[in-house]
1. Are any residues in segment 1-45 free of Cβ contacts under 8 Å to residues at least 40 places away in the same chain and exposed (fewer than 11 other Cβ atoms within 10 Å of the Cβ), and if so, which ones?
2. Which condition number in (1) at pLDDT 90 or above; (2) under 18 Å from the mean Cα position of the chain (by Cα); (3) of a type in the set (S, T, N, Q) is the one that residue 44 fails?
3. Looking at residue 15, is it at pLDDT below 90 and out of contact with any Leu (no Cβ under 6 Å at 6 or more places or on another chain)?
4. Quick check, is residue 50 more than 17 Å from the chain's Cα centre (by Cα) and outside any loop (DSSP other than H, G, I, E, B)?
Amino acid sequence: MNDDDVWLTVPELAALLKLSPAAVYARLPIWPHHDPTGSDIRFTREDIEAIKELTQRRPAPVTNNVRRVPSVGTRANRARRTGQGSPR
């Protein structure tokens, strides 16, 4: 048996991905898998690679058009920042 013939069960995949078996079952509708007997779910090496690609976290896109204006601080700091009035 070579590496291409590896078929993992749900508990084995859960251990590999550090998830619970219930989490794997919950994601079956969107994850690639094989169900040859109707009740025996298995995952091939290709399935595992596709699942890892689907679950990979990517950084959120950076938007430069958003300006964050803090709304907290002392009255003196707000007056200094906005140039309105003089601090007490």
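The values are calculated or read from the model by the stated rules, or taken from the named source; none is laboratory data. Computed from a predicted structure; not experimentally measured. Neighbour counts are summed over all protein chains in view; Cβ atoms, including those assigned to glycine, are modelled from backbone coordinates with ideal geometry.
1. If the condition is that a residue be free of Cβ contacts under 8 Å to residues at least 40 places away in the same chain and exposed (fewer than 11 other Cβ atoms within 10 Å of the Cβ), then 1, 2, 5, 18, 22, 29, 30, 35, 36, 37, 38, 39 are the ones that fit.
2. Evaluating residue 44 over (1) at pLDDT 90 or above; (2) under 18 Å from the mean Cα position of the chain (by Cα); (3) of a type in the set (S, T, N, Q) leaves (2) as the failure.
3. Working: at pLDDT below 90: no; out of contact with any Leu (no Cβ under 6 Å at 6 or more places or on another chain): yes.
Considered against the rule, which asks whether it is at pLDDT below 90 and out of contact with any Leu (no Cβ under 6 Å at 6 or more places or on another chain), residue 15 comes out as no.
4. Numbers: more than 17 Å from the chain's Cα centre (by Cα): no; outside any loop (DSSP other than H, G, I, E, B): yes.
No.
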